[in-house]
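Undergrad: Starting off with a structure, shown below.
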Amino acid sequence: MINVTERRDVLLAAAAGVAAVASSYLFAGWTPSFVVRPVDQAVVNLTPGPVVTLAIETLGEAGHLIHIALAFAAVVGLFGAVAFAGLLLATRTDRRAAGIAVAGGGSWLLAAGLTGPSAGAVAAALSAAAVVGAGWLPPSAAPSGGDTGTVRDAPAVVDAVRRRTLAVVAGALGFVAATAVGRQALASGDDPLADAPRSEGAGARLQELDSASLAFESDGHQRMVTPIGEFYNVDIAEFDPEVTADEWSVTFTGETGSERTVDLDELIDRPVENRAVTLRCVGEDLNGRRIGNAVWTGTPIRPLLESVDPQGDCNCAMLRGEDGYYVQFPVDVLAEGFLAWGMNGRELPTSHGHPVRVLIPGHWGETNLKWLTEIELLNVEDDGYWEERGWEGTGEVTTVAKLWDEGITELDDGRIELAGHAYAGSPGVEHVEVSTDGGNSWTDADLSDPLPDADVWRQWRHVFEPGGEHEVVVRAVDGEGTRQTREASGPVPSGASGWVRRTVG
Ligand SMILES: Nc1nc2c(c(=O)[nH]1)N[C@H]1C(S)=C(S)[C@@H](COP(=O)(O)O)O[C@H]1N2
Ligand SMILES: [Mo]
């Protein structure tokens, strides 16, 4: 039988564990000095690679939640166990001080062991000690005599213990809520991104793109701007690196006249632009979905590059990211690029390279390096991550017009609306041609208004009167008058080619 004291101790220990974790979070945020981080890392490292891959493939983002939840539970359990030892000792010796010392000292050792002796570790120890100190009632709180066992279970004592325990647990939970709120306030104080002038300009651009959009008769699946939650992701690593805004910097290294490191404060102080840029992965199928368009907030790379005076013989640069990814391409191409810290009016999300990524107009997705840490100017050309694996994906994108399932709609009057996106990189899209007879005859599709941006897709739309089954073919013509290649090929090594064909009706 568990008596009231033991039940109390379990509750109090859990409250102490939660309070310790919350204190650590208040001081550290989601950084390596937060006590859950090293445990989370261990959970990830100890999970066999195939299990991680399977989790990501079947659960997607939820896969991340599972390991984070496991890590939280484990750390609350560890601090809880230390607090429980303190409570047990206090009860055995009937001395509150002994319990506080064990809970506080043990928690400090645990926190410092996990993260190093930080302010957060002290805070975690103090709050665990506080919960034990406030929650533990000596058996002498009993109003009448008798042997210890019966005194502890006497109704008056049970009541006193219950009230005190509930009050302390409620206090601990209140503290957790307060730290969550407090952390937000702290974060907006010390995070340079919080004050970055990203939303006003981006908001105006988003509106501009919205007004350039085509009006579809069917509901608009083929949106001009891809919402962040629907934007595709391609990553070499199972888990995104977590780089905080204040620890981030990029260093220009290698063949430079002068090395230079730029941190985020310096970067966001530079002239700000809001560019619409479409990304497309070289590895996608012809009619694939690894394509998306966003309004990105950032600053041009060219002036930064000029300030370090690149001197390499190959006119090429290797870019490196925090996740170990690297990609190499010409400096002239890099100079056209953009360092972005905002996406669709919001802070750049972790999965898209927080805090800073590269955007290169007109080139395949793989040049758009995320979690940027280093730009190395080279003397000799070298392969990037994907080029070492047989791809040739650092060049310019090929032209494509897409027609997805949701872009084919039968309207109420029986006509069929065809709708999709066309993308041609820097030359832009000039026409989209649609055939409903397998390519014998062609009609120009309606297009969304052209935009000033150098690298953005256009929406297209064509409505026709069906008569039986139709073989629909779509193809785009770029701004230089070059028509999308007819010859079909798969994505390896330099992107899929051909015309998208669909049977409709
Ligand atoms: N650091 C880093 N940058 C990266 C990658 C990566 O795995 N790591 N993938 C690249 C590839 S192949 C593509 S297509 C784009 C995808 O960008 P997104 O995930 O923001 O859509 O990022 C590129 N930048
Ligand atoms: Mo890609």
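Undergrad: Spot the failing condition for Thr373; the list is (1) of a type in the set (S, T, N, Q); (2) surrounded by fewer than 23 Cβ atoms within 10 Å (Cβ to Cβ); (3) within 16 Å of ligand 2 (Cβ to nearest atom), and only one is missed.
TA: (3)
Undergrad: Quickly run through region 240-254 and pick out the residues that are among the acidic types (Asp, Glu) and either surrounded by fewer than 19 Cβ atoms within 10 Å (Cβ to Cβ) or outside the structural domain of Asn379 (by TED's automatic domain parsing) (or both). Quick ask: steps written out before the conclusion?
TA: The first filter runs over region 240-254 and keeps only residues among the acidic types (Asp, Glu), leaving 240, 242, 246-247.
Glu242, Asp246, Glu247 - these are the residues of region 240-254 that are among the acidic types (Asp, Glu) and either surrounded by fewer than 19 Cβ atoms within 10 Å (Cβ to Cβ) or outside the structural domain of Asn379 (by TED's automatic domain parsing) (or both).
Undergrad: Mind checking which residues of region 315-333 are of a type in the set (Ser, Thr, Tyr) and either open to solvent by less than 40 Å² (accessible area, probe 1.4 Å) or part of a loop (DSSP other than H, G, I, E, B) (or both)?
TA: Quick first cut of region 315-333, residues of a type in the set (Ser, Thr, Tyr) only: 325-326.
The answer is Tyr325, and nothing else.
Undergrad: Within region 249-258, does at least one residue satisfy the condition of being more than 23 Å from the chain's Cα centre (by Cα) and modelled with pLDDT under 95?
TA: Yes; the residues of region 249-258 include at least one that is more than 23 Å from the chain's Cα centre (by Cα) and modelled with pLDDT under 95.
Undergrad: Are any residues in region 482-504 more than 34 Å from the chain's Cα centre (by Cα), of a type outside the set (Asp, Glu), farther than 11 Å from Thr399 by Cβ and open to solvent by 30 Å² or more (accessible area, probe 1.4 Å), and if so, which ones?
TA: We begin by selecting, within region 482-504, every residue more than 34 Å from the chain's Cα centre (by Cα); these are 482-483, 485-488, 501-504.
Remaining after also requiring of a type outside the set (Asp, Glu): 482-483, 485-486, 488, 501-504.
Pick out the ones that are also farther than 11 Å from Thr399 by Cβ and you get 486, 488, 501-504.
Residues satisfying the conditions are Arg486, Ala488, Arg501, Arg502, Thr503.
Undergrad: Return the total of residues in region 462-486 being assigned to a loop (DSSP other than H, G, I, E, B) and closer than 19 Å to Asn440 by Cβ.
TA: Taking region 462-486 first, the residues assigned to a loop (DSSP other than H, G, I, E, B) are 465-469, 479-482, 484-486.
This time we only want the ones that are closer than 19 Å to Asn440 by Cβ, so: 465-469, 484, 486.
Number of matching residues: 7.
Undergrad: Report yes if Gly288 is under 24 Å from the mean Cα position of the chain (by Cα), farther than 24 Å from Ala202 by Cβ and within 16 Å of ligand 1 (Cβ to nearest atom), otherwise no. Show your work before the answer.
TA: Numbers: under 24 Å from the mean Cα position of the chain (by Cα): yes; farther than 24 Å from Ala202 by Cβ: yes; within 16 Å of ligand 1 (Cβ to nearest atom): yes.
Answer is yes for this residue.
Undergrad: I would also like to ask the following. Name the single residue that is farthest from ligand 1 (Cβ to nearest atom) among those in region 385-418 being touching a helix residue (DSSP H, G or I) at 6+ places or on another chain (Cβ under 7 Å) and more than 19 Å from Val504 (Cβ to Cβ).
TA: Taking region 385-418 first, the residues touching a helix residue (DSSP H, G or I) at 6+ places or on another chain (Cβ under 7 Å) are 386, 393-394, 418.
Then drop every residue that is not more than 19 Å from Val504 (Cβ to Cβ), which leaves 386, 393-394.
Numbers: Trp386: 6, Gly393: 7, Thr394: 10 Å.
Only one residue tops the list, namely Thr394.
Undergrad: Out of (1) more than 23 Å from the chain's Cα centre (by Cα); (2) free of Cβ contacts under 8 Å to residues at least 24 places away in the same chain, the odd one out for Gly229 is which?
TA: (1)
Undergrad: So which residues in region 44-57 are at pLDDT 70 or above and farther than 12 Å from Phe239 by Cα, if there are any at all? If you could, list the steps in order and put the result at the bottom.
TA: First, pick out the residues of region 44-57 that are at pLDDT 70 or above: 44-48, 50-51, 54-55.
Those that are at pLDDT 70 or above and farther than 12 Å from Phe239 by Cα: Leu46, Thr47, Pro48, Pro50, Val51, Leu54.
Undergrad: If you scan region 84-117, which residues turn out to be out of contact with any helix residue (DSSP H, G or I) (no Cβ under 7 Å at 6 or more places or on another chain) and either modelled with pLDDT under 90 or outside any helix (DSSP H, G or I) (or both)?
TA: Arg95, Gly116, Pro117
Undergrad: What strands (runs of 3 or more DSSP E) completely inside region 236-298 contain at least 1 residues that are within 16 Å of ligand 2 (Cβ to nearest atom) and in contact with a strand residue (DSSP E or B) (Cβ under 6 Å, 6 or more places away or on another chain)?
TA: On the way: elements: 249-254, 260-263, 273-280.
Strands (runs of 3 or more DSSP E) meeting the threshold: 273-280.
Undergrad: In region 71-101, how many are free of Cβ contacts under 8 Å to residues at least 24 places away in the same chain and either under 40 Å from the mean Cα position of the chain (by Cα) or not assigned by TED's automatic domain parsing to the domain that holds Ala130 (or both)?
TA: Summing the residues that are free of Cβ contacts under 8 Å to residues at least 24 places away in the same chain and either under 40 Å from the mean Cα position of the chain (by Cα) or not assigned by TED's automatic domain parsing to the domain that holds Ala130 (or both) in region 71-101 gives 2.
Undergrad: Scanning for something within 16 Å of ligand 2 (Cβ to nearest atom) and over 20 Å from Leu372 (Cβ atoms), does region 220-227 turn up at least one residue? Write out each step before concluding.
TA: As a first pass, look at region 220-227 and keep what is within 16 Å of ligand 2 (Cβ to nearest atom): 226.
Remaining after also requiring over 20 Å from Leu372 (Cβ atoms): 226.
Yes, some residue in region 220-227 is within 16 Å of ligand 2 (Cβ to nearest atom) and over 20 Å from Leu372 (Cβ atoms).
Undergrad: Could you please find all residues in region 359-374 being over 17 Å from Val456 (Cβ atoms) and either among the charged types (D, E, K, R) or part of a strand (DSSP E or B) (or both)? Break it down into steps so the answer makes sense when it comes.
TA: The initial filter retains those residues of region 359-374 that are over 17 Å from Val456 (Cβ atoms), namely 366, 369-374.
Answer for region 359-374, where residues must be over 17 Å from Val456 (Cβ atoms) and either among the charged types (D, E, K, R) or part of a strand (DSSP E or B) (or both): Glu366, Lys370, Leu372, Thr373, Glu374.
Undergrad: While we're looking at this one, here's another question. Out of everything in region 118-140 that is touching a helix residue (DSSP H, G or I) at 6+ places or on another chain (Cβ under 8 Å) and open to solvent by 50 Å² or more (accessible area, probe 1.4 Å), what residue ends up being farthest from Ala154 (Cα to Cα)? Give the derivation first.
TA: Initial filter on region 118-140 (touching a helix residue (DSSP H, G or I) at 6+ places or on another chain (Cβ under 8 Å)): 118-139.
Imposing the further condition that a residue be open to solvent by 50 Å² or more (accessible area, probe 1.4 Å) reduces the set to 119, 122, 126, 130.
On the way: Ala119: 42, Val122: 38, Leu126: 32, Ala130: 26 Å.
Here the residue is Ala119.
Undergrad: For the structure I just gave you, tell me whether Arg461 is basic (Lys, Arg), open to solvent by 60 Å² or more (accessible area, probe 1.4 Å) and modelled with pLDDT of 95 or more. Before you say what the answer is, go through the steps one by one.
TA: Working: basic (Lys, Arg): yes; open to solvent by 60 Å² or more (accessible area, probe 1.4 Å): no; modelled with pLDDT of 95 or more: yes.
So Arg461 does not fit the description; no.
Undergrad: Looking only at region 291-314, which residues are modelled with pLDDT of 95 or more, open to solvent by 10 Å² or more (accessible area, probe 1.4 Å) and of a type in the set (Gly, Ala, Ser)?
TA: Ser307 - this is the single residue of region 291-314 that is modelled with pLDDT of 95 or more, open to solvent by 10 Å² or more (accessible area, probe 1.4 Å) and of a type in the set (Gly, Ala, Ser).
Undergrad: Output the residue which, of all residues in region 337-365 that are open to solvent by 10 Å² or more (accessible area, probe 1.4 Å), more than 16 Å from ligand 2 (Cβ to nearest atom) and touching a helix residue (DSSP H, G or I) at 6+ places or on another chain (Cβ under 8 Å), is nearest to Trp391 (Cα to Cα).
TA: If we take residues in region 337-365 being open to solvent by 10 Å² or more (accessible area, probe 1.4 Å), more than 16 Å from ligand 2 (Cβ to nearest atom) and touching a helix residue (DSSP H, G or I) at 6+ places or on another chain (Cβ under 8 Å), then Pro349 is nearest to Trp391 (Cα to Cα).
Undergrad: Also, I was wondering about something else. Give the residues of region 199-223 that are in contact with a His (Cβ under 9 Å, 6 or more places away or on another chain) and closer than 15 Å to Arg346 by Cβ, sorted by residue number.
TA: none
Undergrad: Among residues belonging to region 444-461 that are acidic (Asp, Glu) and part of a loop (DSSP other than H, G, I, E, B), point out the one that is farthest from Trp364 (Cα to Cα). Talk me through it step by step, then tell me what you get.
TA: As a first pass, look at region 444-461 and keep what is acidic (Asp, Glu): 444, 446, 449, 453, 455.
Checking which are part of a loop (DSSP other than H, G, I, E, B) leaves us with 449, 453.
Values: Asp449: 24, Asp453: 17 Å.
Applying the filter and picking the extreme gives Asp449.
The values are calculated or read from the model by the stated rules, or taken from the named source; none is laboratory data. Just so you know, these numbers come straight off a predicted model, no measurement behind them. When we count neighbours, we look across all protein chains shown, and the Cβ atoms used for this are built from the backbone with ideal geometry, even at glycine. What goes into the accessible areas is simple: the full protein's heavy atoms, side chains included, and nothing from ligands, DNA or RNA. Shrake-Rupley method; radii C 1.70, N 1.55, O 1.52, S 1.80 Å.
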